[in-house]
Amino acid sequence: MSGNRFVTGKGTGKGTGKAGTAKALSRRMFIAGIGAAAIGATAIGAVWRGAFAATASSAPAQDVSIENFSPAGKSLGIVRVPKIVKSDAEWRAQLSPAAFNVAREEGTERAFSGEYDHYKADGIFRCVCCETALYDSKAKFDSGTGWPSFWQPISALNIAKQSDSSLFMQRDAISCRRCNAHLGHVFDDGPRPTGLRYCMNSVALIFTARA
């Protein structure tokens, strides 16, 4: 997820005779190899997630520190709470298919398709999985990327950042501190005062109006 654009150029030369045939075959074999590698990586990832999810419910929950906020966005203080751990089956029963794909499988919604991309209401954006407060609408801005963007989280305690090298890019993934829900990514091309752009998926968030 980003505002980056990729441009692919088209060559004009064409191989002829045996040399051209060999080049064409070589290209097809190369593309087929990449496709097979991608499918293999996806399959391995699915197996790993399945094995992890099968034991998730029985794993002892660790405590984490988060900052609670009122519906008005006022801090209620830092609390120590159990980390929320559920199996894939439990998450599927709780979430929509789209939310499960993003929050639990690290998927990405299509740009400009999310409910909160141009959302301008005043309130708090919370985690779709555990309702932990994540972003205040006062920090939301229009990044033009097609995903709801914020220049800071409501509290640094409530999110976690991990290095993400998927899709042949180096990025920093953002997740919910309490339940590990994947939320999106953070980039260093945002507005002042932080210069950051927390680029989130709408389906990973729920909005509550400021009371």
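Can you find even one residue in region 179-194 that is in contact with a Phe, Trp or Tyr (Cβ under 6 Å, 6 or more places away or on another chain), surrounded by fewer than 18 Cβ atoms within 10 Å (Cβ to Cβ) and in contact (Cβ under 8 Å) with a residue 40 or more places away in the chain? Yes.
Report whether or not residue 156 is exposed (fewer than 14 other Cβ atoms within 10 Å of the Cβ) and not basic (Lys, Arg). Criteria met by residue 156. Scanning region 165-188 for residues that are closer than 20 Å to residue 100 by Cα and among the hydroxyl-bearing types (Ser, Thr, Tyr) gives 166, 175. Would you confirm whether any residue within region 145-159 is in contact with a Leu (Cβ under 8 Å, 6 or more places away or on another chain), within 13 Å of residue 179 (Cα to Cα) and either in contact (Cβ under 8 Å) with a residue 24 or more places away in the chain or in the same structural domain as residue 67 (by TED's automatic domain parsing) (or both)? So far as region 145-159 goes, yes, one or more of its residues are in contact with a Leu (Cβ under 8 Å, 6 or more places away or on another chain), within 13 Å of residue 179 (Cα to Cα) and either in contact (Cβ under 8 Å) with a residue 24 or more places away in the chain or in the same structural domain as residue 67 (by TED's automatic domain parsing) (or both). Of the residues 145, 208, 194, 108, the single one that is among the polar types (S, T, N, Q) and either under 20 Å from residue 76 (Cβ atoms) or part of a strand (DSSP E or B) (or both) is 208.
Conditions tested, residue by residue: (1) under 14 Å from the mean Cα position of the chain (by Cα); (2) among the basic types (Lys, Arg).
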{"site": "128", "(1), (2)": "yes, no"}
{"site": "135", "(1), (2)": "no, no"}
{"site": "144", "(1), (2)": "no, no"}
{"site": "161", "(1), (2)": "yes, yes"}
{"site": "166", "(1), (2)": "yes, no"}
{"site": "173", "(1), (2)": "yes, no"}
{"site": "192", "(1), (2)": "no, yes"}
{"site": "203", "(1), (2)": "yes, no"}
{"site": "211", "(1), (2)": "no, no"}
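Among residues of region 159-178 being of a type in the set (A, V, I, L, M) and within 18 Å of residue 203 (Cβ to Cβ), the one that is surrounded by the fewest Cβ atoms within 10 Å (Cβ to Cβ) is 173.
The values are calculated or read from the model by the stated rules, or taken from the named source; none is laboratory data. Predicted model, so just to flag it, every value in this text is computed and none were measured. Methodologically, a virtual Cβ is constructed for each residue, glycine included, from the backbone with ideal geometry; neighbour enumeration extends over all protein chains shown.
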